[in-house]
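S.K.: I'd like to ask you about the structure that follows.
The values are calculated or read from the model by the stated rules, or taken from the named source; none is laboratory data. Since the model is a prediction, treat every value here as computed from it, not as a measurement. Methodologically, a virtual Cβ is constructed for each residue, glycine included, from the backbone with ideal geometry; neighbour enumeration extends over all protein chains shown. To get the accessible areas, we keep the full protein, side chains included, count just its heavy atoms, and leave off ligands, DNA and RNA. Shrake-Rupley method; radii C 1.70, N 1.55, O 1.52, S 1.80 Å.
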Amino acid sequence: GGLVAPNGAVLISEGSDQSFVIRPNTGYSIVDVEVDSGSIGAVDSYTFTSVTADHTIDATFSINQYTLTYLAGANGSISGTSTQTVDYGTDSSQVEAVADPGYRFTAWSDGSTEKPRTDLVVTGNISVTASFLPNTPPQVTHGAGVVSATETSATLHGILSVGHFADVWLCWGSADGG
């Protein structure tokens, strides 16, 4: 998870100072540094001063963990684990924005339209909210006319000029043939 530099046995003149740098690898953090078997905390450097005896320095590192939060805005919900903790560089588990009846998923607050969503190679905290909008009735436009429809009616709005012929077909039905 990281290194102490210089590494290994370091020879110095008696009475000299020796500095060490503690550096975590990408995606890791320093948990603790021990000097001569005693903890000095999560420091990123240490200097032995006026050295007259042998000393040791050791560092402990841990992989960073991130919190992923998936929220649903009004008129929807989240399927899957909505709050997740993942290690640096790993993937989230899949979540899906589920719209309430009469609504549709539009996007996540970070602009993603992925549905279902899996965040890959996570390198930081993520908090996003799914947005939902009402389903809109279909609308067909042609020339100066507009046909708008709901589940029970249709209306043609517009003007047909003399000399033009238009066919308008409106069909309603259901899955059971009704």
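S.K.: Please verify whether T85 is under 23 Å from A130 (Cα atoms), open to solvent by 70 Å² or more (accessible area, probe 1.4 Å) and in contact with a Leu (Cβ under 8 Å, 6 or more places away or on another chain), treating the condition exactly as stated.
M.R.: Yes, satisfied.
S.K.: Determine the pairs where a residue that is of a type in the set (S, T, N, Q), located within region 47-66, has a partner that is assigned to a loop (DSSP other than H, G, I, E, B) with Cβ atoms under 6 Å apart, the partner being 6 or more residues away or on another chain.
M.R.: Here the result reads T47/D17; T49/D17; S50/G15; T52/E14; T56/D36; N64/G27; N64/Y88, each pair linking region 47-66 to a residue that is assigned to a loop (DSSP other than H, G, I, E, B).
S.K.: Collect the residues in region 59-82 that are within 28 Å of L3 (Cβ to Cβ) and surrounded by fewer than 17 Cβ atoms within 10 Å (Cβ to Cβ), keeping them in residue-number order. If you could, list the steps in order and put the result at the bottom.
M.R.: Here is the first cut: in region 59-82, the ones within 28 Å of L3 (Cβ to Cβ) are 59-67.
Of everything in region 59-82, those that are within 28 Å of L3 (Cβ to Cβ) and surrounded by fewer than 17 Cβ atoms within 10 Å (Cβ to Cβ) turn out to be T60, S62, I63, Q65, T67.
S.K.: Determine if region 132-147 includes at least one residue that is of a type outside the set (S, T, N, Q), open to solvent by less than 50 Å² (accessible area, probe 1.4 Å) and at pLDDT 95 or above.
M.R.: Yes: one or more hits.
S.K.: Next up: So in region 30-55, with the set limited to residues that are in contact with a strand residue (DSSP E or B) (Cβ under 9 Å, 6 or more places away or on another chain) and small (G, A, S), which one is least open to solvent (accessible area, probe 1.4 Å)? Reasoning before the result, please.
M.R.: Within region 30-55, the subset in contact with a strand residue (DSSP E or B) (Cβ under 9 Å, 6 or more places away or on another chain) is 30-37, 39-49, 51, 55.
Keeping just the survivors that are small (G, A, S) gives 37, 39, 41-42, 45.
Working: S37: 101, S39: 81, G41: 25, A42: 66, S45: 64 Å².
Checked region 30-55; the qualifying residue least open to solvent (accessible area, probe 1.4 Å) is G41.
S.K.: For region 104-125, which positions are buried (at least 16 other Cβ atoms within 10 Å of the Cβ) and closer than 22 Å to T136 by Cβ? Talk me through it step by step, then tell me what you get.
M.R.: Going residue by residue through region 104-125, those that are buried (at least 16 other Cβ atoms within 10 Å of the Cβ) are 105, 107-108, 117, 119, 122.
Answer for region 104-125, where residues must be buried (at least 16 other Cβ atoms within 10 Å of the Cβ) and closer than 22 Å to T136 by Cβ: F105, A107, W108.
S.K.: Additional query: Can you tell me how many residues within region 1-20 are open to solvent by less than 60 Å² (accessible area, probe 1.4 Å), part of a strand (DSSP E or B) and either over 16 Å from V51 (Cα atoms) or in contact with a Gly (Cβ under 8 Å, 6 or more places away or on another chain) (or both)?
M.R.: Matching residues across region 1-20 total 3.
S.K.: Which condition breaks for D54 when tested against (1) over 22 Å from the mean Cα position of the chain (by Cα); (2) not in a loop (DSSP other than H, G, I, E, B)?
M.R.: (2)
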